[in-house]
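**Q** Right, I'll just put the structure down here and ask away after.
A short reminder: the numbers here are calculations on the coordinates, not readings from a lab. Just so you know, these numbers come straight off a predicted model, no measurement behind them. FYI the Cβ positions are ideal-geometry reconstructions off the backbone, even for glycines, and counts take in every protein chain you see.
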Amino acid sequence: MGFDQKESDERKPFFDKMQAEWINRKRPDNPRPFSVPYEENIRGDKVDDERSREKKGKVNSLQRFRYVRHEKILEREKENSPDCSYKLLQAEQNLREVVQEESAIKEGIQPLSKDAQERLIVLNTTYWRLSQEWWHWRSALHPGPQERAFKLWRSHPKWYMHQELVKDCAGQDGCCARECGCCQNRQIDASRILGVGHCTLECECCRQARGFEISKEDKEKVRSQFRFDGKRLDSRLKAINMVSIFGLVSDHFRNPFEMIDVPPSYEQFETKEKEQEASHLIWREVEMVETSSWR
């Protein structure tokens, strides 16, 4: 079929009308402040407010902005189910168990028994499988604010020594409840870098501190209680997720990187919290006195 100029001229008013309707279409009342034109926006693009915080080096404000924006993206897309970051944290938990069990076997009686050698082969295979799982969930993080927040926070090699994560380890009677410093100084081979972090049920130091073995049944009960499966999201799991992915803690406005520290003992945590609470009460009393004097 050849080019029909007459037919084209007849259709021109129709196309002109369609183009005019597109140009003059109704836009959202509150378009998002993207630096690119609204119609060119891709989900998760960096906005001017985020760039401003990034440029000023306000890490806490930057990560909070990213966290809130990520939550809004989930809400807007009606993704009410827990995002894949919980699956990522569970993969990391499983990787830590493998690495700590490997360390316990290698630090045991030498030379290794046949059973121990066979177990190491199984664990090596398990680590490989879990590392693939980790990468799957790592790649599945929402492109945009969540992924940028994750990259920034995990850029610190000791991110897991955040005070809240140390406190959680101590609360589970892990090495952070003692003066051994295993979590901070645990020697991990470069090929096992995904296994960094706090104690699991396979930590040899914790086993020696307990003085007894945990049965398989009890291990499974404990694992199910602390599992990041997304089926039940209590306040603890949400808090661990927020600090592990974004480096954030509710009601704390310090730079997250400043909250990475040598792990104090559990008693020191309690003392510090009591001191902060006492300081807060003192300031409240001062404010009340000053307020009453103004009246």
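**Q** Could you work out the local net charge near Q100, counting Lys and Arg as +1, Asp and Glu as -1, over the other residues with Cβ closer than 9 Å to its Cβ?
**A** Details: positive: R96, R186; negative: E97, E101, E102, E202, E204.
With Lys, Arg at +1 and Asp, Glu at -1, the neighbours total -3.
**Q** Cβ under 13 Å from K151's Cβ, K151 left aside: what net charge do those residues give with Lys, Arg +1 and Asp, Glu -1? It would help to have the intermediate numbers written out before the result.
**A** Numbers: positive: K46, R66, R138, R148, R154; negative: E54, E147.
Every neighbour counted, the sum reads +3.
**Q** Would you mind checking K106/K221; K87/K114; K72/K219; K72/K221; K106/K167 for any pair whose Cα atoms are more than 31 angstrom apart?
**A** K87/K114; K72/K219; K72/K221
**Q** Tell me the label-point distance for the pair I121, R227, using the 7 Å Cα-to-Cβ offset, in nm and rounded to one decimal.
**A** It works out to 2.9 nm between the two label points.
**Q** When a footprinting reagent is the concern and you count Cβ atoms within 10 Å, what order do V98, V196 take, fewest first? Present the calculation step by step, with values, prior to reporting the outcome.
**A** Values: V98 24, V196 18.
Sorted ascending by nearby Cβ count, the order is V196, V98.
**Q** Follow-up question, since we're still on this one. Where does each of R66, R210 land when they are ranked from fewest to most other beta-carbon atoms within 10 angstrom?
**A** Working: R66 26, R210 11.
Result, fewest neighbours first: R210, R66.
**Q** Rounded, prolate or oblate: pick one for region 123-228, where a ≥ b ≥ c are the square roots of the eigenvalues of its C-alpha gyration tensor, a/c under 1.5 means rounded, and failing that, prolate if a/b is larger than b/c, else oblate.
**A** prolate
**Q** Cut-off is 10 Å between beta-carbons; in what order do M161, M242 appear when sorted fewest neighbours first?
**A** Fewest to most other Cβ atoms nearby, the residues stand as M242, M161.
**Q** What spacing in nm lies between the two simple spin-label points modelled at A209 and R236, each 7 Å away from Cα in the Cβ direction?
**A** The two pseudo-label positions are separated by 1.6 nm.
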